[in-house]
Amino acid sequence: MIAEWLVAALLAQAGTPVFAPPPGVVLTLDIDHRQTEAGKPEKHYRSVRRIVFERDGAGWRATLTHGGASVDAPGDAFARAMAATLAQPIVYRLDAAGTVTGVDAIDAVWTRFVAAMRTTVGERAATPLEALPAAARLGMLRSLIADVIEARAAGEGPFPAEPIDLPAAPIAAGAAPAMLPGTRMAARVGDRLEVTLKAAGPLGQPAGATSSIERTTRIDPATGLLDQRRERVVTRLTDGTPALSRDMTFTLRYPGTRQETRRKP
């Protein structure tokens, strides 16, 4: 394991992705999502995903399963659909850099997802999913495990603030997404790497509406895995009244390994 960390550190200096998860360890991703929207009940969704990485030739195999969920918002059908989909394991294949290259039995996994969407959301949501091409299906399933993989950021290491544009979802029906100007930077904080994103600006529609995004991601540079990510999005109307606020926290826990004793997330 020490040799693996040393290789990861050398890769980081070269600026290439770092990916060295602890093999055979049950990692737990805790997700906490709280959303407040004007005129609607607050939504609070918590879920747990369990992930185990194993060596697979030159790459990796990852098994993702559902570890429980609590949906306080009665209308959050999509969250229930995802919980039903993850009730059975999803097996991913990844290359040495942590990029998902495939999903075992992807047709069966997708059938479960569509069936769960049909049951919880309805036919109108399920029908378009059945017609998605294979690449789009893989992209959606990849997002479930991508929340824990920060191999590229670990390889980049620290860097000074640089300008970026972040997309912001519209709040007006039919409006196009806006691009918010902001900055991105990364710094060492103890034995971790912290990547900070901040952006704010007008939405375009309705006139005078604004949105702000703040995201802080703490990464283990030795493994290329997430420690914790906190994100806050606030959208305000012309008079400054909050139209929508969303807070999300992703925390990856490592029971019985060095990260649990070195620093608890």
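Averaging the sequence gap over all C-alpha pairs within less than 8 Å and six or more residues apart, then dividing by the number of residues, gives the stretch 129-265 a relative contact order of 17 percent. Membrane-span-like helices in the chain, defined here as complete DSSP H runs extending at least 15 Å along the helix axis by their C-alpha atoms with mean Kyte-Doolittle hydropathy no lower than 1.0, are 2-14, 134-146; this is a sequence and geometry rule, not a statement about a membrane. The convex hull drawn around the Cα atoms of the stretch 18-90, when projected onto a plane and averaged over every direction, covers 6.2 nm². What the Cβ-Cβ distance of Thr241 and Leu197 gives, at R0 = 22 Å and to the nearest 0.05, is a FRET efficiency of 0.30. Taking the Cα atoms of the stretch 155-208, the ratio Rg/Rh between the radius of gyration and the Kirkwood radius comes to 1.17. For the chain, the ratio of Cα radius of gyration to the globular rule of thumb 2.2 N^0.38 Å stands at 1.07.
Among 221-228, 20-27, the peptide with the highest mean count of other Cβ atoms within 10 Å heads the list, and the full ranking is 221-228, 20-27.
One quarter of the convex hull surface built on the alpha carbon atoms of the stretch 144-265 amounts to 8.6 nm², the projected area averaged over directions. Assuming charge only on the beta carbon of Lys and Arg (+1) and of Asp and Glu (-1), the dipole of the stretch 183-229 about its Cα centre is about 100 debye to the nearest 20.
Of the heavy-atom accessible surface of the chain (probe 1.4 angstrom), what whole percent is carbon and sulfur? Percent of accessible area from carbon and sulfur atoms in the chain: 58. For the chain, a Gaussian network of Cα nodes joined below 10 Å ranks Phe113, Phe159, Phe250 by mean-square fluctuation, and the top entry is Phe159. Using the 1.4 Å probe convention, the accessible area of the chain works out to 49 Å² per residue with neighbouring protein chains retained.
Computed over the chain, the per-residue total of -39500 (n - 2.57) for DSSP H runs of n ≥ 4 gives a 222 nm mean residue ellipticity of -7500 deg cm²/dmol, rounded to 500. In the stretch 62-177, the convex hull through the Cα atoms has an average projected area of 10.1 nm², a quarter of its surface area. Here the stretch 31-58 and the stretch 142-206 have alpha carbon centers that stand 18 Å from each other.
The values are calculated or read from the model by the stated rules, or taken from the named source; none is laboratory data. A quick note: this is a predicted structure, and the numbers were derived from the prediction, not measured. Methodologically, a virtual Cβ is constructed for each residue, glycine included, from the backbone with ideal geometry; neighbour enumeration extends over all protein chains shown. All accessible areas refer to the heavy atoms of the entire protein, side chains included, with ligands and DNA or RNA removed. Shrake-Rupley method; radii C 1.70, N 1.55, O 1.52, S 1.80 Å.
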